[in-house]
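*Asks:* Mind looking over this structure? Questions follow.
The values are calculated or read from the model by the stated rules, or taken from the named source; none is laboratory data. Given the structure is predicted, the values throughout are model-derived calculations rather than measurements. Glycine also receives a Cβ, built like all others from the backbone with ideal geometry; neighbour counts cover every protein chain displayed. In case anyone asks, the SASA skips ligands and DNA or RNA and just uses the protein heavy atoms, side chains included. Shrake-Rupley method; radii C 1.70, N 1.55, O 1.52, S 1.80 Å.
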Amino acid sequence: MIEIEVRLFGAFRKYQQKGNILRFQARDDIDVISLKRLLSEHLQSQYPGDAIEALVGESAIADDVRVLPENHVFDRNCTLQILPPVCGG
Amino acid sequence: MTSIRCEIRDEAIDLKTLGELSDDGHGAQVFFTGAVRSRNHGRDVVAVEYDAARALGERVLCEIAEEARSKWGASLKIAVVHRIGRLEVGEISVAIAVSSPHRDEAYRASRYVIEEIKKRAPIWKKEIYSDGETAWLKGHALCQHGSCEEDAHAAI
């Protein structure tokens with residue numbers, strides 16, 4: 001098992017509790033798709049009235065350097081970011 | 001000044017430092033600023049809160065600036081600064097400065113940078129309305145699979 005921290009941004013800030021980080025334990029071959037599903041289920045269980053699955057589906061997973069492709073596999077503890085659709089400027 | 005300066009900051013943007021792009025070979029400087037406006041989609045806005053994934057965001061801003069230089073000339077000097085936190089109406093949220101030998105590439109590079117920021121930079125804005133309601137604005141999806149929709153509604 002590995003420990004994954006996910007930093008929350010934008011519309012996900014609504015779900016932050018202690019700081020903007022959610023922490024999970026996951027199997028050590030989890031990919032981005034499965035991580036998003038895990039995140040979605042975790043948040044949906046706490047906020048059943050919100051359209052979380054759709055928001056997570058529209059969001060990207062990134063590290064500090066790049067957005068990660070869906071087939072990216074995590075094999076060690078890591079800190080990630082979930083990025084909802086962007087609108088800077 | 002180095003060729004590219006990119007920053008995401010909490011404090012107000014100092015336009016004077018943004019203009020420090022001097023180069024004897026440059027005859028053109030283009031400055032763009034984006035500010036919070038008082039109405040959007042028919043609603044009265046009193047403020048906007050910007051959020052950003054700062055480290056990744058600064059990296060993306062620099063990538064965009066480098067792309068502009070590769071398109072319109074390695075001699076271009078570009079500064080991009082985006083502010084985060086709460087901004088009142090009229091405050092500047094983003095500033096872009098481009099210095100180049102001639103005006104054509106400066107205008108084009110400036111336009112390119114702001115358009116790419118809107119599509120790619122991990123920055124979000126929440127509008128605060130006069131009636132007290134708030135909403136995270138629609139945005140461009142960064143995820144890389146076909147089911148993501150452009151201009152997805154991120155408001156909850």
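*Asks:* Residue farthest toward the positive end of the dipole of chain A, with Cβ of Lys/Arg at +1 and Asp/Glu at -1: which of A:84, A:1, A:20?
*Replies:* A:20
*Asks:* I want to verify a result. In a Gaussian network model of chain B, Cα cutoff 10 Å, which of these has the top mean-square fluctuation: B:76, B:87, B:137?
*Replies:* Result: B:137 has the largest fluctuation of those listed.
*Asks:* Report, in debye and to the nearest 20, how large the dipole of chain B comes out about its Cα centre when Lys and Arg carry +1 and Asp and Glu carry -1 on their Cβ. Please report the intermediate quantities before stating the final value.
*Replies:* Values: 22 positive and 26 negative charges, 38 e Å.
That gives a dipole near 180 debye.
*Asks:* Starting from the amide H of residue A:30, placed 1.01 Å from N in the peptide plane, find each other amide H under 5 Å away whose residue is 5 or more places distant or on another chain.
*Replies:* Amide H neighbours of residue A:30, under 5 Å, 5+ apart: A:74.
*Asks:* Which one, B:138, B:16, B:125, has the greatest fluctuation when you compute a Gaussian network model over chain B with C-alpha springs under 10 angstrom?
*Replies:* B:16
*Asks:* Where Lys and Arg each count +1 and Asp and Glu each count -1, what net charge lies around residue A:19 among other residues with Cβ under 13 Å from its Cβ?
*Replies:* Numbers: positive: A:7, A:13, A:18, A:23; negative: A:5.
Spelling it out: positives minus negatives among the neighbours equals +3.
*Asks:* List the residues whose amide H sits under 5 Å from the amide H of residue B:40, counting only those 5 or more places along or on another chain, with H placed 1.01 Å from N in the peptide plane.
*Replies:* Amide H neighbours of residue B:40, under 5 Å, 5+ apart: B:45.
*Asks:* Here's another thing I want to ask about it. Can you run the Rg to Rh ratio on the range B:1-118? Use alpha carbon positions and the Kirkwood inverse-distance Rh.
*Replies:* Working: Rg = 14.5 Å, Rh = 14.6 Å.
Rg/Rh: 0.99.
*Asks:* Kirkwood Rh, Cα Rg: Rg to Rh for chain A? Present the calculation step by step, with values, prior to reporting the outcome.
*Replies:* On the way: Rg = 12.3 Å, Rh = 13.2 Å.
Using only Cα positions, Rg/Rh for chain A is 0.93.
*Asks:* Two decimals, Cα atoms only, Kirkwood Rh: what is Rg/Rh over the protein assembly as shown? If you can, show how the numbers build up before the last one.
*Replies:* Numbers: Rg = 19.2 Å, Rh = 19.0 Å.
Ratio of gyration radius to Kirkwood radius: 1.01.
*Asks:* Mind checking which of B:11, B:105, B:49 has the largest fluctuation in a GNM of chain B, springs on alpha carbons under 10 Å?
*Replies:* B:11
*Asks:* Something else about it: Ignoring ligands, DNA and RNA, what accessible area per residue does the range B:75-139 give at 1.4 Å, in Å²? Working shown, then result.
*Replies:* On the way: 2590 Å² over 65 residues.
In whole numbers, the range B:75-139 has 40 Å² accessible per residue.
*Asks:* Summing Lys, Arg as +1 and Asp, Glu as -1, what charge do residues with Cβ under 13 Å from the Cβ of residue B:19 carry, residue B:19 excluded? Could you put the intermediate results ahead of the total?
*Replies:* Details: positive: B:5, B:16, B:77; negative: B:14, B:20, B:23.
Residues close to residue B:19 contribute a combined charge of 0.
*Asks:* Right, something else. With all protein chains present and a 1.4 Å probe, how do A:37, B:43 order by accessible area, largest first?
*Replies:* Working: A:37 125, B:43 75 Å².
Highest to lowest solvent-accessible surface, that is A:37, B:43.
*Asks:* Follow-up. Give me the net charge of residue B:34's neighbourhood, meaning all other residues with Cβ under 13 Å from the Cβ of residue B:34; Lys, Arg count +1, Asp, Glu -1.
*Replies:* Details: positive: B:37, B:83, B:111, B:118, B:125; negative: B:91, B:115.
Residues near residue B:34 contribute +3 overall.
*Asks:* Lys pairs in chain B, Cα-Cα under 28 Å, at least 8 apart or on separate chains: how many?
*Replies:* So the count of such lysine pairs works out to 16.
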